[in-house]
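So the structure is just underneath, and the comments pick up after that.
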There are 2 protein chains.
Amino acid sequence: MSNSSRKEFRTLVSLEDARKALLPFYKTAEEQVPLPECYGRTLARNIASRVDVPGFDRASMDGFAVKARDTWGADEAEPRSLRIAGIIHAGDTPAVKVEPGTAVEIATGAMMPEGANAVVMVEQTDTEGDTVNIRKPVSPGENVMHAGADVMQGELVLRKGTRLTSREISVLAAVGLKEVPVYRRPGVAIISTGNEIASPGEPLKPGQIYDVNAYAVGAGVIENGGEPCYYGIVRDEPDAFRKALLDASTKADLVLTSGSTSAGASDMMFSTVGGVGKVLVHGIKIKPGKPTIIGEANGRPFIGLPGYPSSALTIFNEVAAPLIRHMSGHPEPERSTVKAKMALTLQSEAGREVLQPVGLTRTKDGLAAYPIEKGSGAVTSLRDADGYVEIGEDVHVIEEGSEVEVRLFSPVISFPDLLIIGSHCLGIDVITDLMGEKGFTVRSINVGSLGGFRSIRKGVADVAGVHLLDESGVYNEPFLKSLGIGDATLVKGYIREQGIIVARGNPLHIRGIADLPGKRIVNRTKGSGTRTLFDMELRKLAAEKGVPFEKLIESIRGYDVEAKTHSAVAAAIIAGKADAGLGIKTVAVQNRLDFIPLRDEEYDFVIRKEVLDRPATKAFLEILKSKEFDAELQNLGYRLKI
Amino acid sequence: MSNSSRKEFRTLVSLEDARKALLPFYKTAEEQVPLPECYGRTLARNIASRVDVPGFDRASMDGFAVKARDTWGADEAEPRSLRIAGIIHAGDTPAVKVEPGTAVEIATGAMMPEGANAVVMVEQTDTEGDTVNIRKPVSPGENVMHAGADVMQGELVLRKGTRLTSREISVLAAVGLKEVPVYRRPGVAIISTGNEIASPGEPLKPGQIYDVNAYAVGAGVIENGGEPCYYGIVRDEPDAFRKALLDASTKADLVLTSGSTSAGASDMMFSTVGGVGKVLVHGIKIKPGKPTIIGEANGRPFIGLPGYPSSALTIFNEVAAPLIRHMSGHPEPERSTVKAKMALTLQSEAGREVLQPVGLTRTKDGLAAYPIEKGSGAVTSLRDADGYVEIGEDVHVIEEGSEVEVRLFSPVISFPDLLIIGSHCLGIDVITDLMGEKGFTVRSINVGSLGGFRSIRKGVADVAGVHLLDESGVYNEPFLKSLGIGDATLVKGYIREQGIIVARGNPLHIRGIADLPGKRIVNRTKGSGTRTLFDMELRKLAAEKGVPFEKLIESIRGYDVEAKTHSAVAAAIIAGKADAGLGIKTVAVQNRLDFIPLRDEEYDFVIRKEVLDRPATKAFLEILKSKEFDAELQNLGYRLKI
């Protein structure tokens, strides 16, 4: 390892400086591709036409080629009669000439015969034998497209740097290009590193997770104009890594790795890159994405992306994507930011820039951004986000309602027609499907009932699905008042039966909440209706037993394992990971598990008044009352209220 | 031919009814594709996870796995000391257990050992031999991601109909999917018909043009999620066409032809489709695109697109693209319309709907749309357009300033930073390149000097390049007043020498304008400065000779052949298609042609005051004064004014 690279170790640089370190590699190469394969590529040269388009004067209508002068004075009452001297089809070389007093029948696109300077549309003529009667005069040039009128020989038709869509490809074909000079797509080697990862489809050993980054980053490479080449998984050993790096850097234009960013593995990667080539950057002052390595090997750029998928994709988008776009000649994406109001106050971390994933929703004041928080390393947080907000190093708090700029993941925001936030329910899946059949899209985010109520108050959710039990034993309604939600209306949904789900045959003979201490359970998310019910029952039990609540829950293994969905609870019990979990009867029945009923639960919907007039909301309300929905509910073991 | 198809002949239907005729073919099929190949495809099924993500409790930081209780009370002054019982790397199956009073060193992503319920970040510890000193307490669950916290087994992670980008592919990889159920891409057979077309790259015979539609439509097929299959060119003969149709309809999901829409060829196609299968639509009440045939053959849909490229692409986009999108599961593109004010009054044709291509520009009142008019069948009109305006059957006129809805070709409008409209000049190409180096995009549309002035008056162009000679012999300045242009400023550009360009060696001994009668010339567009100069000189000559102007120009062949660019004039002379043409000296010099000077010409720029503050305009003005530009001008044989 050279001293020069050593000294950069652990000197965090800004995102901008990280990008700058790669500037020497901003180069392009050119290749010729056949016309039918150039879609989506970028022109590497200006294209001047070598031909006139059209290459000859041509008829732009079906009709008769004439000398314009011969038609002058013609009208319905007194048509001008001309002798038909012949016929010209498209593609013919005209063998006839138009002399005064004659006309030649001509098809759209056919070459004008000598002597003619205009075409009379067929609709303005009638023929008798050898004679055509012309009922309307034409002026010279009428219904004729002159040679070169579309494109003249020598004309610059498309500029270097143009992205080729069907419209540009029309022009390339029209000027007769068989092969098109475009920027070569950079080959991007993708190496997955780490001892903990396995390829999708393989069985996972304990401690392993699936390799997400290779495929996510590979898709990103395609998206930005490169060609991914997958080098598979390389373990955290200097020799294996050195071999992969040397091999990839001789073949590819850019080498990406992801993972191996824990301290030890990162040091190994740092020394190996330093040994093979040179480390340019080690660590970026940004969250997520701090443990990034940028270097070169064999004169090719190397970027070691972080291991967490959201971090890897973020650094890929910020650092690698601009380089790939440059290499492939892709223009920088336009209009990729929108302004929005922060839907809730966001705390940030000082000392490094933060890229906070956010979802977007439409409110009466424009767009609102709500942070997507799923914990460090969550894969699903990017799925649910529309873009991110850059929070500067020196910013500690972004207040609710303040304007932020959101950098979008896609040029177009695909707003769902209805944003449902709240407690997970299989009924929501049914509603989503029925909405889909009516042509409406739904995004549902599972954050529990309380989160649903809150997101209605913030004006984020259009609809919240809730089943929250008040201390007084009433579902949902009391929370509108206690949480200060004025601009929303509660629509009654349906009844679900809540209880304890246990393995088939109930092998541990669980009869109620009192049997849970000493067992392994799977809990639900805090703020969910089921969780609230569970905690109420546990408090009751603690009081009965005369033990503190905290003490009681310590005796229940898995109390702090939070499943986000009902079906996930069932899956955990089937897999033998838990002995019991609270949930609805349906899930037990569908998974052939046993069920110990506790009480009826009312699953209702809170709808913001502002969105009541929206077509999607109307469709949602219609579905709630529909026979189809009722039938589907019965299949689920639910029932409509009343 | 059956009677049932016969009776639909020439009954024009609306665009909507044309789309409806294809509804029976709106079907989808499904296939499994390997994960690395699913980018851009659409999910054909809901995806529920078969695993927890992560599959185990894992450390989300480098540090020490501990019992949280063992850290309580720790601070800088009084750290808690724990014995280090071992180390766990990512991917390891922990062999150690955390007992009270011990800690285990752990890497990010590694599996939590039994007995531990939190991780202390390495930054908040220091080690001495076997002991770690903890300087900050942690609570249970801190820096730990629980099994299933990201995705629980059984959870619905992605819905059917989702388009797969890197973010969704992350999730598919995370849940371990090796193959992904997606909608099959429909195979689309593309047959080019007509006797007048040749494949790009082949030499053109007289009367032939290049096959544009196959490649333009093929690109459109890819754009909308299908796979094009090129069947080449089929001549207008019933047997050849029947054979191609039968072959294509057994192999492809959709058969497209384009061309053969002149009356005779269209009849042939109509009867052949009717004989092989059934004609559903013959003719659509729309411009462009009237001569469209829709039918079925072998149970597969058939669309016979019109021959003109802009018509073919329009009907493709309106009728074929929605079908292909449905088949491939692509969502209908969103936000594809914008509102704009019409920049000038537009006459329309009654009795059928018109889709008018327009360009878009930003003005202080929002967007303005200007019609792109290049004559029937021009390929370049779509290149220069951003979208089109639908003009209803019953609308005859759209007044200047009235609001129209523009349907965009791309979801994002790529506004050029500077829109230059006016006379073509090589200097504009230089400016475009220099602007490009500064990161600004330029769109230049060549409509001649007068068109440039007018588009400034309408607020369409940002800049007009002009060289228009007043009767008094003054360039450009007088037109600001005479054309009533108030909100613009004239910036002096450079001097070009105008004259007659003739073949090398001047074989016809042309000495001046007076020698042109009897020769073949290539003229320039009406309204261009060169054209105005030419007409002034010709009027002078006519007066001298005592002949009427009209009579004089009849004696000059090619007077009404309008080249749009200077270089196109040179190309026509080199190709021997013209003996002479008016143009600038540069073009003659660059093409090694002879030049007979007539006079100095001032090429200037009119800039709308409204855009003067724009960064692109400032860059443009800087370039005009720059040394680089001066040097490039000298290369062109121009010179800066003064």
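Quick notes on this structure:
- Residues that are among the polar types (S, T, N, Q) and at pLDDT below 85 were ranked within the range B:362-410; the one that is farthest from A:Ser166 (Cα to Cα) is B:Thr363.
- Among residues of the range B:150-199, those that are under 27 Å from A:Ser410 (Cα atoms) and either assigned to a strand (DSSP E or B) or small (Gly, Ala, Ser) (or both), counted: 16
- One residue from A:Pro186, A:Pro137 being crowded, with 22+ Cβ neighbours inside 10 Å and of a type outside the set (A, V, I, L, M): A:Pro186
- Put simply, of B:Arg45, B:Arg50, B:Arg69 the only residue that is in a helix (DSSP H, G or I) and modelled with pLDDT under 95 is B:Arg69.
- Checked against the criterion of being within 12 Å of chain B (Cβ to nearest Cβ), in contact with an Asp or Glu (Cβ under 7 Å, 6 or more places away or on another chain) and either surrounded by fewer than 23 Cβ atoms within 10 Å (Cβ to Cβ) or within 21 Å of A:Phe25 (Cβ to Cβ) (or both), the candidates A:Asn224, A:Asn195 yield just one match: A:Asn195.
- Residue within the range A:402-409 that is facing chain B (nearest Cβ under 10 Å) and either within 30 Å of A:Gly529 (Cβ to Cβ) or in a loop (DSSP other than H, G, I, E, B) (or both) present: yes
- Taken over the range A:97-133, the criterion of being in a loop (DSSP other than H, G, I, E, B) and buried (at least 19 other Cβ atoms within 10 Å of the Cβ) is satisfied by A:Val98, A:Ala107, A:Thr108, A:Gly109, A:Ala110, A:Met112, A:Pro113, A:Ala116, A:Asn117.
- Looking only at the range B:159-183, and only at residues there that are under 24 Å from the mean Cα position of the chain (by Cα) and of a type outside the set (A, V, I, L, M, F, W, C), the one that is surrounded by the most Cβ atoms within 10 Å (Cβ to Cβ): B:Ser166
- Verdict on A:Ile169 being over 24 Å from B:Asn317 (Cβ atoms) and touching a Phe, Trp or Tyr at 6+ places or on another chain (Cβ under 7 Å): no
Conditions (1) within 14 Å of chain A (Cβ to nearest Cβ); (2) surrounded by fewer than 17 Cβ atoms within 10 Å (Cβ to Cβ); (3) within 34 Å of the chain's Cα centre (by Cα); (4) not in a strand (DSSP E or B), marked per residue:
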{"position": "B:Pro36", "(1), (2), (3), (4)": "yes, no, yes, yes"}
{"position": "B:Gly55", "(1), (2), (3), (4)": "yes, no, no, yes"}
{"position": "B:Phe64", "(1), (2), (3), (4)": "yes, no, no, no"}
{"position": "B:Ala74", "(1), (2), (3), (4)": "no, no, no, yes"}
{"position": "B:Ser81", "(1), (2), (3), (4)": "no, yes, no, no"}
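- Tally, over the range B:470-485, of residues that are at pLDDT 85 or above and in contact with a helix residue (DSSP H, G or I) (Cβ under 9 Å, 6 or more places away or on another chain): 8
- Filter result for B:Leu541 (over 32 Å from the mean Cα position of the chain (by Cα) and at pLDDT below 90): no
- Hits in the range B:251-277 (condition: under 23 Å from B:Cys229 (Cβ atoms), away from chain A (no Cβ under 14 Å) and in contact with a strand residue (DSSP E or B) (Cβ under 8 Å, 6 or more places away or on another chain)): B:Lys251, B:Ala252, B:Asp253, B:Leu254, B:Val255, B:Thr257, B:Val273, B:Val276, B:Gly277
- Restricting the search to strands (runs of 3 or more DSSP E) fully inside the range A:292-383 and requiring at least 3 residues that are under 25 Å from A:Arg608 (Cα atoms) and within 14 Å of chain B (Cβ to nearest Cβ) gives A:353-363.
- Some residue of the range B:446-464 being aromatic (Phe, Trp, Tyr), part of a strand (DSSP E or B), in contact with a helix residue (DSSP H, G or I) (Cβ under 8 Å, 6 or more places away or on another chain) and closer than 15 Å to B:Phe605 by Cβ: no
- Any chance A:Ala568 is closer than 16 Å to A:Gly529 by Cα, in the same structural domain as A:Gly493 (by TED's automatic domain parsing) and within 28 Å of the chain's Cα centre (by Cα): yes
- Looking only at residues in the range B:207-228 that are under 23 Å from B:Ser266 (Cα atoms) and not in a loop (DSSP other than H, G, I, E, B), the one that is farthest from the chain's Cα centre (by Cα) is B:Ile209.
- Filter result (touching a Phe, Trp or Tyr at 6+ places or on another chain (Cβ under 9 Å) and of a type in the set (Val, Ile, Thr)) within the range A:582-603: A:Ile584, A:Thr586, A:Val587, A:Val589
- Failed item in (1) surrounded by fewer than 19 Cβ atoms within 10 Å (Cβ to Cβ); (2) within 14 Å of chain A (Cβ to nearest Cβ); (3) in contact (Cβ under 8 Å) with a residue 24 or more places away in the chain; (4) under 33 Å from the mean Cα position of the chain (by Cα), with B:Leu621 passing the rest: (2)
- Criterion applied to B:Ala116, B:Ala147, B:Ala110 was being over 21 Å from B:Ala48 (Cβ atoms) and either within 11 Å of another protein chain (Cβ to nearest Cβ) or within 52 Å of the chain's Cα centre (by Cα) (or both), and the one residue passing it is B:Ala110.
- Checked against the criteria, A:Glu373 does not count as charged (D, E, K, R) and either buried (at least 20 other Cβ atoms within 10 Å of the Cβ) or closer than 13 Å to A:Met342 by Cβ (or both).
The values are calculated or read from the model by the stated rules, or taken from the named source; none is laboratory data. These numbers were taken from a predicted model, which means no experiment stands behind them. Every residue, glycine as well, gets a Cβ built from its backbone with ideal geometry; the counts of neighbours run over all protein chains shown.
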